1. Given a 1.4 Å probe and every protein chain left where it sits, what share in percent of the accessible area of the stretch 196-371 is carbon and sulfur?
2. Beyond a 23 Å Cα-Cα separation, which of these cross-linked pairs lie in this structure: LYS261/LYS340; LYS189/LYS269; LYS274/LYS335; LYS260/LYS313; LYS104/LYS189?
3. Give me the percent of the accessible area of the stretch 19-140 that comes from carbon and sulfur atoms, probe 1.4 Å, all protein chains in place.
4. Amide H to amide H, which residues 5 or more places from THR113 or on other chains are under 5 Å from it, using H placed in the peptide plane?
5. Give me the accessible area per residue for the chain, probe 1.4 Å, as a whole number in Å².
6. Pairs to check: LYS102/LYS190; LYS159/LYS194; LYS168/LYS312. Give those whose C-alpha atoms are more than 24 Å from each other in this structure.
7. Rounded to the nearest Å, what's the spacing between the alpha carbon centres of the stretch 296-342 and the stretch 39-57? Just the number, please.
8. Calculate how many DSSP beta bridges within the stretch 19-140 are antiparallel, expressed in % of all such bridges and rounded to the nearest 5.
Amino acid sequence: MGCTYSVYGVGRKKKLSIPEVVVFAPCMRIPAQCDLQRALKGLIPRDVIDKLSCLRNRIALVADDTGGSAITELRQALEEYLSILIGLTKKEHGLENLVEFKWKNLVDGRQETSVANAWFELLSVVHMMAMLTLCEADTIMIPKDYSGSGFRVVSTDCKRDAVDLLLKAAGYLEFCVRNVLCCIPPEIKKSMSKDLQDGVLEAISIQALGQGTEIQLGLAIESQKATLSVKRRLACELLIYYSQAYQCISGCDLSHGYGKKHMWFIKWKFLEAKAAAYYYHGLVLDKGSEPTCHISAVCCFLAAQELLVESKKACISFCLATPVTRAPPLWGAMKHLYQKIPEVASRKSQMYGYLLEQEKALQSLPELPDFQLSLRPDDYELPAIDPAWDSGNWEKQGQQPLKDHLNDSEDEIETE
């Protein structure tokens, strides 16, 4: 969703600012206070513990104070934190389950999860990086100024930057699904926030690709060089992305705060994408010379018109689902299609009305073509592990290597 929920007060009166959503990002989760010092004292050097604590506290403080809007500062701190956090996930260190990591919901401050697992912490950090990136894309697509005509104007460069950010966010989430969740035991997964379910993360990753494709479709519509075939392909790819996202999320537990809103967002965008796909497929079919081509084209246009009506209803349901949000003014591809689809459907129905009456048996909706998807998530790799975890550095500082320390502890237990 949007990154922040702002309440502005004048005297005793408060005005609630309902956020507008272009790029959907479910609620951001941020670190809550946890005692790293107590859990790790004596096991690793003090400076390593201090660095972990300092970076984690800094992330929590900045996120709380800015509502997640200090994206550059938070991203840098998260990357630094990851490089030192990775050490806790190494089996040879034996520290995976020693620290109880706590995270809370940024919007209401409610503590959602408290899990003693370093992989859970790593998952939460990368997830937060993905949400920040989606929020940044959302900010780019919501300009502060409007044109004199009253319509929203977003520059081509901003749209391309937003696509790059969406691919980056999709990469973070794909990494979570493929490389992190598999390291977390099933019993721990059950205690985690429902926002971190496999299907939910995968759905957000895929819908980010879908939103990137929607922006590309809008750019193609604005371009005089883009052919009708290119526009149809992009519209069909858009539909495929949202179909896949729906399949991912439909098997998830959506009883949590943002679950139903997330589902409504996907339904809304799925219906818009399907309308776009049928509209452009109809335009391609209408170029044929056979009567059946025109009949099929009209069926596509009428279906697209009905889908737009349904998409408006889904949009309202999305906006009203908790927490309440505002839909943006029509922009890009959908601004064009909301104008063209009713117009073309009406005109072509009148033009080929006689064919529809003569060939009622042929009035069936044609299948949409299938295309290989163009957009892929960016590859993401964890940063290099912090040199502070090098046991050679510990020995120079007079610190006993962790492996030896753990072995000594086991011997003491056996002696007792």
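The values are calculated or read from the model by the stated rules, or taken from the named source; none is laboratory data. Predicted model only: the values in this text are computed from it and were never measured. As a convention, Cβ positions derive from the backbone with ideal geometry for all residues, glycine included, and neighbour counts pool all protein chains shown. For the accessible areas, the whole protein counts, side chains as well, though only heavy atoms, and no ligand, DNA or RNA atoms are used. Shrake-Rupley method; radii C 1.70, N 1.55, O 1.52, S 1.80 Å.
1. Using a 1.4 Å probe with all protein chains present, the stretch 196-371 comes out at 53 percent carbon and sulfur.
2. Beyond 23 Å between Cα atoms: LYS261/LYS340; LYS189/LYS269.
3. That fraction is 47 percent.
4. Correct list: TRP103.
5. The answer is 48 Å² per residue.
6. LYS159/LYS194; LYS168/LYS312
7. After rounding, the separation between the Cα centres reads 52 Å.
8. Within the stretch 19-140, antiparallel bridges account for around 90 percent of the total.
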